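Let me begin by presenting the structure, written as structure tokens, before commenting on it.
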Amino acid sequence: AFIPSALIPTSARGTSYGGLFHVSDWLPTLVTGAMKTDPFMLPADLDGVDQWHAIIGAQGAGDAAYPRTEILHNIDLWSLEIYGNVTKLTTPIQALRVGDMKLVMGQDASKHYTPVESSCPEGIGYCMPSYESTDDCSYEYGNEVYLYNITADEAETTNLADTYPDLVTSMTAKLADY
């Protein structure tokens, strides 16, 4: 078990947690659960949320009971100095997950989101480029927008941005709030 503790009710032991959990959630969650302290004792401007009751299955823990609905993965507004052109990017390199959907904007030098049309060493299919195959010297930043349903497409191979433009717009607005 990832969280072995006598504080976990027997009914919740050996179960999986289906909610979104960010590293910043540990502090308020442990303050509530392990320390049995009121989470309102913590500073109000913490990024983390208390997930204790959802973890132990209290309060009718269904999907609606998960306290976190989104995770900011990254925002890079500036190009990297190693590429010799430290400038503000037209499209920041950023990613946000809301529920099952993940929005990725801009393009980093790994070219992870650019499909490689070649057979993989393991067989035929989609191959993610390795770090060694990335040509950092000739890299140019892009303005690409990618939207993935990461529960249905864990490898992030099907870009849904053109299929759901309203969702791209609303998630882009959320990124702007950060």
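The values are calculated or read from the model by the stated rules, or taken from the named source; none is laboratory data. Not measured: the values here are computed from a predicted model. Cβ sites come from the backbone with ideal geometry, for glycine too, and all protein chains shown count toward neighbours. Surface areas here come from the heavy atoms of the whole protein model, side chains and all, with no ligands, DNA or RNA. Shrake-Rupley method; radii C 1.70, N 1.55, O 1.52, S 1.80 Å.
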Residue in the range 9-31 that is modelled with the highest pLDDT, counting only those that are more than 25 Å from V98 (Cα to Cα) and of a type in the set (V, I, T): V31
Answer yes or no: is there a residue in the range 71-83 that is charged (D, E, K, R), at pLDDT 90 or above, open to solvent by 50 Å² or more (accessible area, probe 1.4 Å) and within 28 Å of G48 (Cβ to Cβ). no
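Pick out the one residue from A58, A6, A1, A64 that is surrounded by fewer than 15 Cβ atoms within 10 Å (Cβ to Cβ), in a helix (DSSP H, G or I) and at pLDDT below 80. Walk me through how you get there before you give the answer.
Working: A58 fails: in a helix (DSSP H, G or I); A6 fails: in a helix (DSSP H, G or I); A1 fails: in a helix (DSSP H, G or I).
Answer to the selection: A64.
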